1. What is the sum of charges around B:Ser53, taking Lys and Arg as +1, Asp and Glu as -1, for the other residues whose C-beta is under 12 Å from the C-beta of B:Ser53?
2. For chain B, modelled as a Gaussian network with Cα springs under 10 Å, which listed residue fluctuates most, B:Arg295, B:Arg202, B:Arg55?
3. Per the Kirkwood formula on distinct C-alpha pairs, the Rh of the protein assembly as shown is how many angstrom?
4. Roll a 1.4 angstrom probe over the protein heavy atoms and tell me the percent of accessible area of the stretch B:16-250 that is carbon or sulfur.
5. Let me know the charge dipole size of the protein assembly as shown about its Cα centre in debye, to the nearest 20, where only the beta-carbon of Lys, Arg (+1) and Asp, Glu (-1) is charged.
6. I'd like the accessible area for A:Met54: 1.4 Å probe, protein heavy atoms, all chains in place, Å² to the nearest 10.
7. Calculate, for A:Val15 and A:Phe173, the FRET efficiency according to 1/(1 + (r/R0)^6) with r their C-beta to C-beta distance and R0 22 Å; round to the nearest 0.05.
8. Compare B:Glu314, B:Glu188, B:Glu334 in a GNM of chain B, Cα atoms joined below 10 Å, and give the one with the largest fluctuation.
Amino acid sequence: MKRSLAFISFWNILVKDMRTYYLKPPNISWGIIFPLAWTGMFFIRSGSGLSGIMSLLPGVVALSILFGTTSLLAVTITFEKKSRSFERLLLAPISLEQLLLAKTSGAIIFGVVNAFVPVLMASIIADLRGVKWGYFLAAVVLIAMASTFLGLFIAVAVSEVFEAQTFSNFFRFPMVFLCGLFFPVSKLPIFLRPLSYVLPLTYGADILHGAVNNGSNALPYWLDFLVLAGFSLGLFALSLRNVKRRWIR
Amino acid sequence: MEINIRPIKDERVDNRAFREKAISEINADEVIIVRNLVKSYGPVRAVDGISFSVREGELFGFLGPNGAGKTTTINLLTGLARPDSGEILLAGIDVKKNPAAAKFQIGVVPDESNLYPELSGFDNLCFCAALYGMRKAERQRRARELLEFFGLSEAADRKFGDYSKGMKRKLTIAAGLIHRPRILFLDEPTTGIDVASARQIRQLIAGLNQQGTTIFLTTHYIEEAERLCQRIAFIVSGRIVRVDNLENLLQPLRGQFNLLLTFAEAVNTSGELQEKISSAFPDFIFEWVNGCELRVRSTRPIAVGPLVRFFEDEGCEILEARRIHPSLEEVFVELTGIEAEQMKKEKEIKEKPGQ
Ligand SMILES: Nc1ncnc2c1ncn2[C@@H]1O[C@H](COP(=O)(O)OP(=O)(O)OP(=O)(O)O)[C@@H](O)[C@H]1O
Ligand SMILES: [Mg+2]
């Protein structure tokens, strides 16, 4: 009985968010066109031929997930808090953990779907048979989780939608350069490198590089996975604490 | 000759019989128990050590001006705010120890509609039902039933965002009832709504209460509290000034009973008649409102029969005798020092910009 309550409310929150936000034209365009644009831009401008595609793919995949997920939370969380409909969820007889998981799982799924837009594009022009799909998929899911929870952390910390957007850019744009997406962290000036290692995307991109380009990862996989999972858990726990402290006051 | 005895206010939702019933049930269960509840926001003591209880089936009113702490109290009781100290029991459940179980017992209608503007009325209700773990068939059945009850069946498939204010309020109340809660919290349910819709909503609330739902209602309209509630708490600056049932609240100040007699035609109110009346009824005070209307006051209940007979003998036909209930407004002003009109005005000014 308890289990079915948890499941029914979880599923319906997810479906409602999908219907009202994710599958709406603005988000489809944000979620699908945006990765397409990234992909096109990088693949075309790189000018390094087909081999270049394989070295760019991990970075483009990571960015598609990062931008696709973080931008959604501003709507599903910050906007609903501002318009007070979030109160309805807080009044429901479900735990806050469950509630936040339901509100974020849609974004995670959306991020995973986004990741495969550039993969599909690349598969048309490049040979992807050498990719280790197991590692690839696991990395995609974990990156989607870590960036969704980063988005959640931001969405919970602010009170206006525009603040959420501004604040997330504060994290997102440095990540484009610092996380080893398009050139290895080892090529960064030494004083910037510590910064790279406090950003979750660095570890996700490392797995993707390894999976796509045959073991070119700089760190062992287990360490990457562990750190990424740690980030996800940590960000989720922080967000949970913030909701408890700031929203139920 | 026919004499109608009816209350002077036409719009009165007659909740009186039920009111008396609730009052007589002395052992009734207390479904809301609040003890020494305190909540501060920075330097502001929004709720300053309040205690009260509400019995099962009661319609309990929380009456107070802006910033008195009404919304804060609802937030504390419903888990949207955390008390600094104090105890809250809902249907015997300690909300601190078992918040989820307590949440099943309560429905909440906030002061602003907080449903999803982009979903239809029907989908909004189904979604709310799902939050309480109801299954699909049951959700849809319950949603239709509530839409019907609130007269919103026609608008079921329209987006909530396109509803009028009154319709929004009704659907928000429906959403609060979706899981058949034992206790319904209503935060200023008729504020910001036109007179006709407000009246309809009051009737719906009285109806719900008569069907057995315990209702906790906040309002800053004194007449609303008087019309609807069986017991009322006056709250000012986070403190409860007085809690009592309506009869007891009205008792001390009125100490007097008023009757308004309406005559079929203008009566000659010369000194002679006046003298006769006074000597026949020495305990009553008589005031002519105009030639056709006479106000009778007394410190004891006024029996209508002797008066009617007396005037008949004098050749004056009485069309109607109406009891005038002393108003809660005077009691409120006396206890709080706040003028009712003042309270209403402040509220309206405050609300204008938002509309
Ligand atoms: N979240 C909050 N943060 C800071 N102060 C608050 C908060 N909520 C309420 N207050 C303060 O607590 C006091 C009580 O507010 P509350 O909203 O409970 O009053 P109210 O009786 O509902 O008034 P109204 O009739 O305007 O709705 C006010 O002084 C208000 O400014
Ligand atoms: Mg209020």
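The values are calculated or read from the model by the stated rules, or taken from the named source; none is laboratory data. This is a predicted model, so every value here is computed, not measured. All Cβ positions, glycine included, derive from the backbone under ideal geometry; neighbour counts span all protein chains shown. The protein model used for the area step is the full one, side chains on, heavy atoms only, and it has no ligands, DNA or RNA in it. Shrake-Rupley method; radii C 1.70, N 1.55, O 1.52, S 1.80 Å.
1. Details: positive: B:Arg35, B:Arg55, B:Arg231; negative: B:Asp29, B:Glu30, B:Glu56, B:Glu58, B:Glu87.
Residues near B:Ser53 contribute -2 overall.
2. Taking springs between Cα atoms under 10 Å, the residue moving most is B:Arg295.
3. Computed over Cα pairs of the protein assembly as shown, the Kirkwood hydrodynamic radius comes out at 28.3 Å.
4. Numbers: 4130 of 8840 Å².
Carbon and sulfur: 47 percent of the exposed surface of the stretch B:16-250.
5. Numbers: 69 positive and 60 negative charges, 644 e Å.
It works out to roughly 3100 debye.
6. 30
7. FRET efficiency, A:Val15 to A:Phe173: 0.10.
8. Sorting by GNM fluctuation, first place goes to B:Glu314.
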